[in-house]
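Asks: Could you have a look at this structure, given as structure tokens, before my questions?
No lab work stands behind these numbers, since they all come straight from the coordinates. Treat the numbers as computed from the prediction; the structure is a model and nothing was measured. Cβ coordinates were reconstructed from backbone atoms using ideal geometry, including for glycine residues, and neighbour counts include every protein chain displayed.
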Amino acid sequence: MPLQTQIKHSVLAAPNQVLTVEYLSKKYNVQEEYIVALAERNKDLVVTNGVVMAKREKALAAAFAGAAVVLLIGIVVVLPGLTG
């Protein structure tokens, strides 16, 4: 398996989906700069301040926001009609 894929799987398997560049460098026995370069090429990972983290799904956040709006409309419009 390519190192870039191994890095991605390691980050996704981490409890908070965050690992340090230093940790990954030691784990795979390569230079930190190489870890950063591979992680930056991966569309699912973000590198900031010596940390590699998984990108959060924007679609999932949008779905939750949409559900909250529908729920709010339901509470404001439907609930008063049911109570009285």
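Asks: Let me have the 222 nm mean residue ellipticity of the chain computed from DSSP H runs of 4+ only, each contributing -39500 (n - 2.57), with the sum over all residues rounded to the nearest 500.
Replies: Helices in the chain give a 222 nm mean residue ellipticity of -17500 deg cm²/dmol.
Asks: Across the chain, where is the longest run that never hits trypsin sites (Lys or Arg not before Pro) in a DSSP loop with at most 16 other C-beta atoms within 10 Å?
Replies: My reading of the result: 1-42 is the longest stretch.
Asks: Here is a follow-up. With a point put 7 Å past each Cα toward its Cβ, work out how far residue 17 is from residue 76 in nm, to one decimal.
Replies: 3.1 nm
Asks: Hey, in the GNM for the chain with a 10 angstrom Cα cutoff, which one of 47, 21, 69 fluctuates hardest?
Replies: Most flexible of the set in this elastic network: 69.
Asks: Would the range 3-55 count as rounded, prolate or oblate if I go by the C-alpha gyration tensor, calling it rounded below 1.5 in a/c and otherwise prolate when a/b exceeds b/c, oblate otherwise?
Replies: On the way: a/c = 1.33, a/b = 1.21, b/c = 1.10.
Judged from the Cα gyration tensor, the range 3-55 comes out rounded (a/c under 1.5).
Asks: Within the chain, what is the number of lysine pairs with alpha carbons under 17 Å apart, leaving out pairs fewer than eight places apart on the same chain? It would help to have the intermediate numbers written out before the result.
Replies: Values: 8/26; 8/27; 8/43; 8/55; 43/55; 43/58.
Within the chain, the lysine pair count is 6.
Asks: While we're on this one: Tell me the net charge near residue 13. Cut-off is 14 Å between Cβ atoms, residue 13 excluded, with +1 for each Lys or Arg and -1 for each Asp or Glu.
Replies: Cβ neighbours under 14 Å give a net charge of +1.
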